[in-house]
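**Q** One structure coming up, written as structure tokens, with questions to follow.
The values are calculated or read from the model by the stated rules, or taken from the named source; none is laboratory data. Everything quoted here is computed from the prediction, not taken from an experiment. Every residue, glycine among them, receives a Cβ derived from its backbone with ideal geometry; neighbour counts consider all protein chains shown.
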Amino acid sequence: MENRTPVAIIGGGYAGCAAAVTLAAKGVACTLFESAPTLGGRGRRVERDGFVLDNGQHLLLGAYASLLQIIDRVGGGRAYARRPLAITPLVPQQPDALTLQARRAPGRLGMLIGLLSARGLSWRERIANITWFRNIERAGFVRPARETVAQLLAPLPPRVAKLLWEPLNLAALNTPASQASAQVFANVLRAAFAGRGEDSDFILPTTDLSAFFPEAAARYVGAHGGSVAMESRARIVRAGAGAVTLAADDHVVSADAAIVAVGPHQLAHAFAPEALQLHPPLRAALDASELMAYEPIVTIWLGYSAALPMPGPVARLDDAPGQWVLDRPDVLLHARADAPKVAQMLAVVISASGPHMRLTHDALVHETDAQLRRLWPALAPLTWSFAISEKRATYACTPHRPRPALRFAPGIYLAGDYMNEDFPATLEAAVRSGVTAAEACAADLGA
């Protein structure tokens, strides 16, 4: 059996869904193929014991305009709340604690006010912080090509780098400062602190990440003449300008073009062996993508029998081993009736590689629960837990990382967070790449 679609999209993560929505808005019908039972890719829903969880936490900022715009387009504008960016320790007496509250003010003014009023820094450290930031701004947020974040932070007092910027770098780039790209981090600083006052806001989803955008995107695509095929593994068999053939389960799909929106480590699986034989440059491009390195993210979900007030929805920990803890009352609101009795659901996040990756999930739960109790002795008994370890959560955001061409082969376009050169591996980068691929595809098709 053979089917026909103007554009086939392989991968139903944020990049693939953004590409599908962009094509639909331009009047180009598409079919999106997702091999998993749930849309979202790296930002998807996971169900466990009656709780609806996310497979990992994502740092979302008000500066992520493409993500917020496309969510509004598909009617998901009420799926998140805004809170001013705050770095707040879980408890005030936490050793070496820093408290910083960004203010909503034009341009860098809000950040500068926040830096001046930060608690836990001396006045000398505050002034050095502001001087450092203004020097980056005067340079137009442009950094030397091979500079790392550690080198970018070198002029700062060590405590300032350790307490403020290194944690923010790890949260945004998921790559240690000694390896992370200074230019990408500078791009994040420019987007968050040199534009509108609200650009530095935390964006907090009020639902799981699949419902946050991908499922609304699927409804939008369906309402505009397209379709979404779930649990359908599609592979490209032949490719050429104006004619792409895919094998999807038990049928053949003919398309004018295809957008491949999977992770770089999954690219080879999007092509049948005969396609690679027909196009030797395709094999060379795939070999280049396999040079990319990756970093993990671990999220430990902890349910407690009684609730304690946190200083905010996100709080800083002491890195032993957890780095951040998030209060997730929305998980309890959406829990099934047969879910375990939990009064407070916390998510502890550990970004990038480290000794924690050698621990079992049970050991990770024990270590993070013990960490919270050390900092917060009044914590109630733990009644439920679940650890999620994404070993290839993001690519390593290093200077000069490999990045394939947008037009991967005749009639084939690539999308994914690794394709965006401005931002790290975030949902914003994924959406931007999907929009870019769809716009290029639509233009080439004359739409």
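**Q** Only residues that are within 17 Å of the chain's Cα centre (by Cα) and at pLDDT 90 or above: list them for the stretch 43-59, please.
**A** Correct list: 43, 44, 45, 46, 53, 54, 55.
**Q** Considering the stretch 208-227 alone, what residues qualify as being within 16 Å of the chain's Cα centre (by Cα) and crowded, with 21+ Cβ neighbours inside 10 Å?
**A** Residues satisfying the conditions are 208, 209, 210, 212, 213, 214.
**Q** Return the residues of the stretch 167-176 that are surrounded by fewer than 23 Cβ atoms within 10 Å (Cβ to Cβ) and modelled with pLDDT of 95 or more; say none if nothing qualifies.
**A** 176
**Q** Considering only residues that are touching a residue at least 40 places away in the same chain (Cβ under 8 Å), surrounded by fewer than 17 Cβ atoms within 10 Å (Cβ to Cβ) and out of contact with any Gly (no Cβ under 6 Å at 6 or more places or on another chain), which ones fall in the stretch 402-415?
**A** Within the stretch 402-415, 402, 405 qualify.
**Q** Okay, next question. Tally time: how many residues in the stretch 17-27 are under 17 Å from residue 256 (Cα atoms), in a helix (DSSP H, G or I) and either of a type outside the set (A, V, I, L, M) or over 20 Å from the mean Cα position of the chain (by Cα) (or both)?
**A** Total meeting the criteria: 3.
**Q** Going by what's in this entry, would residue 140 be described as over 19 Å from the mean Cα position of the chain (by Cα), at pLDDT below 95 and part of a loop (DSSP other than H, G, I, E, B)?
**A** When the stated conditions are applied, residue 140 does not pass them.
**Q** For residues that are surrounded by fewer than 20 Cβ atoms within 10 Å (Cβ to Cβ) and more than 19 Å from residue 333 (Cα to Cα), tally how many sit in the stretch 36-66.
**A** Total satisfying the criteria: 4.
**Q** Which ones in the stretch 284-299 are within 13 Å of residue 389 (Cβ to Cβ) and either polar (S, T, N, Q) or more than 17 Å from the chain's Cα centre (by Cα) (or both)?
**A** Once the filter is applied, which keeps residues that are within 13 Å of residue 389 (Cβ to Cβ) and either polar (S, T, N, Q) or more than 17 Å from the chain's Cα centre (by Cα) (or both), the stretch 284-299 yields only 299.
**Q** Right, another one. Taking the stated definitions as given, is residue 97 outside the structural domain of residue 428 (by TED's automatic domain parsing), among the small types (Gly, Ala, Ser) and more than 17 Å from the chain's Cα centre (by Cα)?
**A** Here the answer is yes, as residue 97 does meet what is asked.
**Q** May I ask you to list the residues in the stretch 416-429 that are buried (at least 20 other Cβ atoms within 10 Å of the Cβ) and at negative phi?
**A** Selection gives 417, 418, 419, 420, 423, 424, 425, 426, 427, 428, 429.
**Q** Next question. Kindly indicate whether residue 38 is touching a residue at least 12 places away in the same chain (Cβ under 8 Å), hydroxyl-bearing (Ser, Thr, Tyr), over 17 Å from residue 346 (Cβ atoms) and outside the structural domain of residue 11 (by TED's automatic domain parsing).
**A** no
**Q** While we're here: Take the residues of the stretch 1-16 that are assigned to a helix (DSSP H, G or I) and not hydrophobic (A, V, I, L, M, F, W, C): which is farthest from the chain's Cα centre (by Cα)?
**A** Among those residues, the one meeting the criterion is 16.
**Q** Which residue pairs have Cβ atoms under 8 Å apart, sit 6 or more places apart or on different chains, and have a first residue in the stretch 14-33 that is modelled with pLDDT of 95 or more and a second that is of a type in the set (D, E, K, R) and assigned to a loop (DSSP other than H, G, I, E, B)?
**A** Listed by first residue and then by second, the contacts come to 14/42; 33/233.
**Q** Out of the stretch 125-153, which residues are within 23 Å of residue 316 (Cβ to Cβ) and without any contact (Cβ under 8 Å) to a residue 40 or more places away in the chain?
**A** 125, 126, 127, 128, 129, 130, 132, 149, 150, 152, 153 - these are the residues of the stretch 125-153 that are within 23 Å of residue 316 (Cβ to Cβ) and without any contact (Cβ under 8 Å) to a residue 40 or more places away in the chain.
**Q** Does residue 76 satisfy the condition of being surrounded by fewer than 23 Cβ atoms within 10 Å (Cβ to Cβ), under 17 Å from the mean Cα position of the chain (by Cα) and not assigned by TED's automatic domain parsing to the domain that holds residue 371?
**A** In short, no.
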